[in-house]
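Coordinate-derived values only; no laboratory data. In this text the structure is predicted, and so the values were computed from the model without any measurement. Cβ coordinates were reconstructed from backbone atoms using ideal geometry, including for glycine residues, and neighbour counts include every protein chain displayed.
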Amino acid sequence: MPEIQSTTARAWSDAPSLILRLSESLDSFDWAAAESICQKLIGRLNQSSELFPRDPAKVILARLRRKRQFRLMELVADALIRSGQRTPQILRQYAQSMIDQGNLLSPEIILGALVADPETAQGERAEANGLLGRIYKQLYVNGADSRNPRQQDYLRKSLHYYYDVYNSDRTSYMWHGINVVALLARARRDKVNVDVAEDDSALAKQILSEIDKKSDTEGVYFWDRAIVVEANVALDRFEEAASELIYFVSDANADAFETSSLYRQLTEMWQISPRSSPGSDLLNILRAAHLKSHGGELQLEPADITVGLQAVFGRDRYEAFSWLQRALKRCTGIARIEDPMGTGRGSGFLIDGSEFFDSAGNDPLLLTNYHVINAHGDGRGLQPDKSVAFFEALNTRYKVKKILWSSEIAMLDASLVSLERIDSQSSPCSLKPAADPFKAGEKQRVYVIGYPLGGSLSISLHDSEWLDCDDRLLHYRTPTEPGSSGSPVFDQRFWTVIGLHHRGLSEMPRLHGQGGTYRANEAISIAAIQEAIRQSGVRPS
């Protein structure tokens, strides 16, 4: 065995650098790079006769899980297992990757074998039982029929998997215990008979007491705080739950997997709605944390915005919550540009005229691309009298009155228009506070809000690295689709508008005279548009 380990160490001596590169790609939301690293690892695993080291394997799967990259997690775990790395933890992670993709049958077989194996350590057996409980809990939720005997049996099976582990050691397995609380409460609400003689409220109080004792000795970890959040929900203490949730999402260890798991539990098991209180504030905080830790595109419903803006939390309590609130406020000023048939042709956003003119009227103006709205209908653009601005966040439509200023595609590709009237709830996309300037060599992000493919209002955070800029153009890796033309591009800190998105190319010429191309999207600098409007001498009315 020592000889095999030393040979393995030589064959996979680059494992630490591989983990580092994968971590960097995941933390920067560069999913394409993460995919490439994983696929190369899988290729090597398929060809190598040497066993990949156990500990780096566990770290790789854990990193993929934290960012919810379950498909890659499954593929890598599958290759590791086929190559001979079959430790219980890797088998369990393999099962989890499938559960989180909605495949519930195959992982049940894997986890059942782990539980039955006498060589499986107690801790891993407890984790496997917890995942079996998760499978049956999901089956119950998916069924959505509490009167169906089969669905009721799913709930009872889930409860017993969690309860047996929790009851074996109530101080060590409190996350199993809080699931017992949730299942007992759900069974009571759904009028499902279960044969566990426990009171959910009493159990929630017991769990809170145990964690309180723990804080005096070994310290409370982020997963303990998630348990405390849920226990307070069980006791209808939503204010206490929100306070504890702030600490949970502020912990660096609570990544996309952890925040989305708690979100799923609150919505699916506790049936908290994002559109009603009490408890909706908890979901707003988790959504903010999830956006910052995962990236991706978030489709928004009007109620998400109007309800989210009603919640009141001071900025000093949790920066990411006010960060999300600022993003939601921006959404009220972002429109889908439609033709007379209601077909989406692009995006546009409100600006405060005083930030572009020396003197301006009270109504905000709308900025979009020249190739979306222009006087002659050039380049498949709409003429102003055939253009309508639909603000999905407020469910309002306004006709375009006239073009105040425009710059052709080859120049700034921008049109500034006035609308027939503006609802007072609409909020312009501000140039204040000043955005952080581009810093070469530092990873900075930009965000786009628009109507990709002419569909629903969406926030694009996925793979959002700011690549470069000059006095006129911004290049960034935020993915966009047709329909995003005319969307505002925001800085990562204050949601200050810094650019007008106008195109994306797989071979975009680099800026500053650099040779070569790269895959990038391009926006026109708002500062350049601002200066051009001021130099033109046009007036806002």
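Okay, which of the stretch 179-193 sit inside 14 Å, backbone N to the point 7 Å along the Cα-Cβ direction of Asp145?
none
For Thr396, list long-range residues whose amide hydrogen, built 1.01 Å from N in the peptide plane, is under 5 Å from its own amide hydrogen.
Phe391
Relative to the compact-globule scaling 2.2 N^0.38 Å, provide the ratio for the alpha-carbon radius of gyration of the stretch 332-541. Please list the in-between numbers first.
Working: Rg = 15.9 Å, N = 210, 2.2 N^0.38 = 16.8 Å.
That ratio works out to 0.95.
What net charge do the residues around Val115 carry, taking every other residue with its C-beta under 12 Å from that of Val115, with Lys and Arg at +1 and Asp and Glu at -1? Could the numbers behind the result be given before it?
Working: positive: Arg92, Arg125; negative: Glu108, Asp117, Glu119, Glu124, Glu127, Asp164.
Net charge in that neighbourhood comes out at -4.
Step through the table entries Lys58/Lys137; Lys67/Lys157; Lys67/Lys432; Lys329/Lys443; Lys329/Lys432, compare each Cα-Cα distance with 23 Å, and write down the pairs that go over it. All intermediate terms of the calculation are to be shown ahead of the outcome.
Numbers: Lys58/Lys137 26 Å; Lys67/Lys157 29 Å; Lys67/Lys432 32 Å; Lys329/Lys443 26 Å; Lys329/Lys432 14 Å.
In this structure, Lys58/Lys137; Lys67/Lys157; Lys67/Lys432; Lys329/Lys443 lie more than 23 Å apart at Cα.
Based on the Cβ-Cβ distance of Glu24 and Arg82, what FRET efficiency does E = 1/(1 + (r/R0)^6) give at R0 = 22 Å, to the nearest 0.05?
0.20
Suppose the chain between Tyr221 and Ala202 were pulled fully straight at 0.36 nm per residue; how much longer would it get relative to their current alpha carbon spacing?
Details: separation 19, 0.36 × 19 = 6.84 nm, distance 2.28 nm.
4.6 nm is the gain from fully extending Tyr221 to Ala202.
Nothing charged except the Cβ atoms of Lys and Arg (+1) and of Asp and Glu (-1): what's the magnitude of the dipole of the stretch 1-103 about its Cα centre? Round to the nearest 20 debye. Walk me through the numbers before you get to the answer.
Working: 15 positive and 11 negative charges, 44 e Å.
Dipole magnitude for the stretch 1-103 comes out near 220 debye.
At a Förster radius of 25 Å, what calculated FRET efficiency corresponds to the Cβ-Cβ distance of Ser536 and Glu420, to the nearest 0.05?
0.60
Given all pairs of different Cα atoms, what value in angstroms does the Kirkwood hydrodynamic radius of the chain take? Intermediate results must be reported in sequence, preceding the final value.
Working: mean 1/r = 0.0386 Å⁻¹.
This gives a value of 25.9 Å.
What ranking, highest mean first, results for peptides 192-199, 245-252 when packing means the other Cβ atoms within 10 Å averaged over each residue? Kindly include the intermediate steps, with their values, before the conclusion.
Working: 192-199: 13.1, 245-252: 18.8.
My ranking of the peptides, most packed first, is 245-252, 192-199.
Sort 73-80, 150-157 for me by packing, meaning the mean count of neighbouring Cβ atoms within 10 Å per residue, highest on top.
73-80, 150-157
Can you give the alpha-carbon Rg of the stretch 1-103 over 2.2 N^0.38 Å, where N counts its residues?
Taking N as the residue count of the stretch 1-103, the ratio is 1.02.
Could you check the spin-label model distance between Leu505 and Ile409? Points 7 Å from the Cα along Cα→Cβ, value in nm.
1.3
Where Lys and Arg each count +1 and Asp and Glu each count -1, what net charge lies around Pro88 among other residues with Cβ under 13 Å from its Cβ?
Values: positive: Arg54, Lys58, Arg86, Arg92, Arg125; negative: Asp117, Glu119, Glu124, Glu127.
Once all neighbours under 13 Å are counted, the net charge is +1.
Can you give the net charge of the other residues whose Cβ lies under 11 Å from the Cβ of His176, counting K and R as +1 and D and E as -1?
On the way: positive: Arg134, Arg170; negative: Glu127, Asp164, Asp169.
With Lys, Arg at +1 and Asp, Glu at -1, the net is -1.
Between Asp212 and Gln383, 0.36 nm times their residue separation minus their Cα-Cα distance comes to what?
Once the chain is fully extended between Asp212 and Gln383, it gains 55.0 nm.
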